[in-house]
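Encoded as structure tokens, the structure appears first; notes follow it.
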């Protein structure tokens with residue numbers, strides 16, 4: 001059996017609109033982000049999920065509630081948080097983003113590395129396999145956990161995951177599919 005995962009990113013935040021990389025800062029959804037989360041509900045109305053997991057950061061929980069409340073149980077899990085940029089949480093994206101690919105193994109000062117995020121996601125995936133085998137789940141979270149899924153479940157290198165990231169290619173879609181075997 002396997003766990004079928006559909007991954008959704010949270011809606012646009014006020015930080016996104018100001019070109020700020022939130023990290024573990026608790027940014028709020030902007031008006032556009034609220035609209036996106038509500039529209040997503042209609043875009044995926046034919047998909048059924050046994051459960052929805054989301055990061056415990058406000059932008060993800062709000063997005064999950066706007067899209068999935070009343071459709072499937074929603075469970076917050078801190079393992080789905082964005083990368084902790086440490087001293088760079090809430091700093092300008094033109095400062096943080098160039099550092100991201102340099103912090104695959106080396107941690108952000110007072111923060112974590114992308115390998116640390118991968119470790120969190122490995123723990124989460126083990127939990128899913130033990131408790132949700134044969135189920136269809138949705139995840140609402142952030143960039144780093146999605147890139148970690150690309151590395152863990154699609155056998156990409158971190159370099160490939162960063163290069164092919166939909167944020168760079170401007171190829172957003174209403175959900176990305178993964179299978180945990």
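Where a number appears in this text, it was derived from the coordinates with a stated rule and is not lab data. Predicted model, so just to flag it, every value in this text is computed and none were measured. No Cβ is skipped: glycine too gets one built from the backbone with ideal geometry, and neighbour counts run over all protein chains shown.
Under the shape rule built on the C-alpha gyration tensor, where the axes satisfy a ≥ b ≥ c, the chain is oblate, since a/c reaches at least 1.5 while a/b does not exceed b/c.
Mind checking the full-extension length gain between residue 164 and residue 69? Use 0.36 nm per residue of separation minus the Cα-Cα distance, one decimal, nm. Don't jump to the answer; show the numbers that get you there.
Values: separation 95, 0.36 × 95 = 34.20 nm, distance 3.13 nm.
Value of the extension gain: 31.1 nm.
On the beta carbon distance between residue 123 and residue 101, with R0 = 22 Å, the FRET formula returns roughly 0.40.
Per DSSP H run of n ≥ 4, the term is -39500 (n - 2.57); total these for the chain, divide by its residue number, and report the mean residue ellipticity at 222 nm rounded to 500 deg cm²/dmol. Each step should come with its number before you reach the end.
Numbers: 8 runs with 76 residues, N = 181.
The helix contribution divided over the chain gives -12000 deg cm²/dmol.
The stretch 84-150 and the stretch 16-80 have Cα centres spaced 16 Å apart.
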